[in-house]
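Visitor: One structure is given below, represented as C-alpha cells, and several questions about it will come after.
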Amino acid sequence: MPERRTVALVTLGCARNEVDSEELAGRLAADGWDLVENAADADVAVVNTCGFVEAAKKDSVDALLEANDLKDQARTQAVVAVGCMAERYGKELAEALPEADGVLGFDDYADISDRLQTILSGGVHASHTPRDRRKLLPISPAARQSADVALPGHAQDTPPADLPEGLAPASGPRAPLRRRLGTSPVASVKLASGCDRRCSFCAIPSFRGSFISRRPSDVLGETRWLAEQGVKEIMLVSENNTSYGKDLGDIRLLETLLPDLAAVDGLERVRVSYLQPAEMRPGLIDVLTSTEKIAPYFDLSFQHSAPAVLRAMRRFGDTDRFLELLDQIRAKAPQAGARSNFIVGFPGETEDDVAELERFLVGARLDAIGVFGYSDEDGTEAATYEDKLDPDVVAERLERVSRLAEELTAQRAEERLGETIEVLVDRVDEEDGVIGRAAHQAPETDGQVILTTDEEFAPGRMVVAKVVATEGVDLIAEPLGDGGCTEEAGR
C-alpha cells in the first residue's frame, strides 16, 4: 500500500484566513491527504499568506522561506503559497520568490488536491495572473448569488457522500468542506466575502472581490457542526458584517440570524466582528446588547476621527458622531466591549488632525486599540496622493498615539475592577494557569483574563468571576460561587 500524502497548513493574517485554511484542510482530507501540524512532518507545506500591509507581506515571505529551508532538513518536498498575497500578486510573487514551488489563487481552491499532487510529482502549475476580482461579480448585489465565481468559505460544489469523520458539512449540500485545525473552544465562521466600500487606503476589495453574503441556512448549518465538534464560541467574520444580507434583499438579516445562532445547542457565546460605524443600525445595536449568549462586543472600524482625514480616506463620520454611537451602545449595555484600529500619518494629516484623533481616543474609552502608520498600498487611490508625510513624521505620530492608546486601554481595564464577568476558558498550562476571555475580549487581539484559582477548569468552560486586578489590558479575576460556572456551563 503506498504511503499516504501528508500536508501542513501554515496560516498567517486574520481570522478569515483561518477559516480558509480549514476549508483547504477539509478538501484535502476528503481526498485522502493526512493533515499534520508541523511543516517539517509534511510532504507539502501550504502557507496561507496575508497581503494586507507591508509587515504582513514580509511575514508571509519569511514563512515561505522558512518552510523552504525544511527541504534540506526534513520530510518537506514542496512549499506552496495560497491566500491573499498569492491571489494579489500571482506570477509576480512566483518570479520574485522562486523558493515557492507553486503560487495558487482562489480559483485553485476547489482543485487544491490535484494542484498539490501535480507539484509534489515534479510538475508545474502555472501561477495565475492577478485580476480585479470586483469585476468578476455583477454590479448589482442582488445578482451576485448566482454568479459562478470562486469564493473561499462559500460552498459552490457538492461534497462527496462518504466524508471522513470530523469533516463538515454536518448537514446539507451547501456547507463548505471544513476540517478543524486545532482544538480551541473558539472558531470563526465566515458570514460574507468581499467589500463594496472604496476606502482609499485599502486594496482588499481588489483581490477579495465585491461583497457577497452567505445564506443564513449555510451559516447556521456550519455553526451547528462546529458546536458538535466542541466549539463553545463562534466569531462571525467578513470584510464588513454590517452589510450582511444586502445582496439577499434584507439589510437587517443579521439581526434575525443572531438569535438563531445563539440558540444552537452547545454554544456559549456568539461574537460579531468587523462592524462599520456608518452602517450601525439601532436594531443591530439592540440585538447585540440584549440577546442572551450574544457578546455585547463592538469591533468598530473607525480608522480616524478627524473629518478631513476621513474624507480623504473615503469614509464618513467625525469625533462627536463616533462618541455618540459609543454612548448609544453603553446606554444599553454599560459593560459592552468596544475596540478599533486607527491609521496615523495619512497623506495630508495635520497636527490638528492628530489632536482631534487624540480627543476621540480619550473620550471613547475603548477596550483595545490598534494603531498603524500609513504606508502606500499597490493599486489604491491613496498611493497616488501627493501630500505624503515624511516617514519620520509618520513614525513619530505612530509612537505618540500608540503610547496614548496603551495608557488609555490600561485605564479602561481598571474601570472594570469589581465587575462580574463571564470568562470562557481558552487554555490551561502550568506556567500561566487558567487563561480565558470575557465578553469584551476577542481571541488574540483584546487581552485576556487570568483566573486566580486552584480548581481544574477545562478549555471551553464558562466561568463567572469578579475582576480583582489588572495587568495592562489583561484582567485578573476570581471565580464566584460554585466553581464559578454558569448554569449552562455547569450542566
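The values are calculated or read from the model by the stated rules, or taken from the named source; none is laboratory data. Here the structure is a predicted model, which is why all the values come from computation and not from measurement. Here the Cβ positions follow ideal geometry from the backbone for every residue, glycine too, while neighbour counts run over all protein chains shown. Just so you know, the surface numbers come from the protein's heavy atoms only, side chains and all, with ligands and any DNA or RNA stripped out. Shrake-Rupley method; radii C 1.70, N 1.55, O 1.52, S 1.80 Å.
Visitor: For the stretch 97-152, give me the residue count where each residue is within 23 Å of Thr76 (Cα to Cα), hydrophobic (A, V, I, L, M, F, W, C) and either free of Cβ contacts under 8 Å to residues at least 40 places away in the same chain or in contact with a strand residue (DSSP E or B) (Cβ under 7 Å, 6 or more places away or on another chain) (or both).
Guide: Going through the stretch 97-152 one residue at a time, the tally reaches 9.
Yes/no matrix, rows are residues, columns are (1) among the small types (Gly, Ala, Ser); (2) in contact (Cβ under 8 Å) with a residue 40 or more places away in the chain:
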residue	(1), (2)
Arg403	no, no
Glu406	no, yes
Thr409	no, yes
Glu414	no, yes
Glu419	no, yes
Glu422	no, yes
Asp429	no, no
Gly433	yes, no
His440	no, yes
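Visitor: Next up: Mind checking which residues of the stretch 313-349 are among the aromatic types (Phe, Trp, Tyr) and open to solvent by less than 80 Å² (accessible area, probe 1.4 Å)?
Guide: Listed by number, the residues that qualify are Phe322, Phe342, Phe346.
Visitor: What about Glu455, is it open to solvent by 10 Å² or more (accessible area, probe 1.4 Å), acidic (Asp, Glu), farther than 24 Å from Leu275 by Cβ and part of a strand (DSSP E or B)?
Guide: No, not satisfied.
Visitor: Right, here's the next one. Do we have any residue at all in the stretch 168-184 that's touching a residue at least 40 places away in the same chain (Cβ under 8 Å), surrounded by 21 or more Cβ atoms within 10 Å (Cβ to Cβ) and under 30 Å from Tyr374 (Cβ atoms)?
Guide: Here is the first cut: in the stretch 168-184, the ones touching a residue at least 40 places away in the same chain (Cβ under 8 Å) are 168-172, 174-181, 183-184.
Within this subset, residues satisfying the condition of being surrounded by 21 or more Cβ atoms within 10 Å (Cβ to Cβ) are 168, 175-179.
Adding the requirement that they be under 30 Å from Tyr374 (Cβ atoms) leaves none.
No: the stretch 168-184 contains no residue that is touching a residue at least 40 places away in the same chain (Cβ under 8 Å), surrounded by 21 or more Cβ atoms within 10 Å (Cβ to Cβ) and under 30 Å from Tyr374 (Cβ atoms).
Visitor: Can I ask one more? Mind listing just one residue for me: the one in the stretch 266-275 that is crowded, with 21+ Cβ neighbours inside 10 Å and assigned to a loop (DSSP other than H, G, I, E, B) and, of those, farthest from the chain's Cα centre (by Cα)?
Guide: Filtering first and then ranking leaves Glu268.
Visitor: Residues in the stretch 189-203: is at least one within 28 Å of Met462 (Cα to Cα), aliphatic (A, V, I, L, M) and not in a loop (DSSP other than H, G, I, E, B)?
Guide: yes
Visitor: Can you tell me which of (1) part of a helix (DSSP H, G or I); (2) touching a Pro at 6+ places or on another chain (Cβ under 9 Å); (3) at pLDDT 95 or above is the one Val231 doesn't meet?
Guide: Val231 satisfies all of (1) part of a helix (DSSP H, G or I); (2) touching a Pro at 6+ places or on another chain (Cβ under 9 Å); (3) at pLDDT 95 or above except (1).
Visitor: Mind telling me which of the residues Val79, Val53 ends up being among the β-branched types (Val, Ile, Thr) and under 27 Å from Ile343 (Cα atoms)?
Guide: Val53
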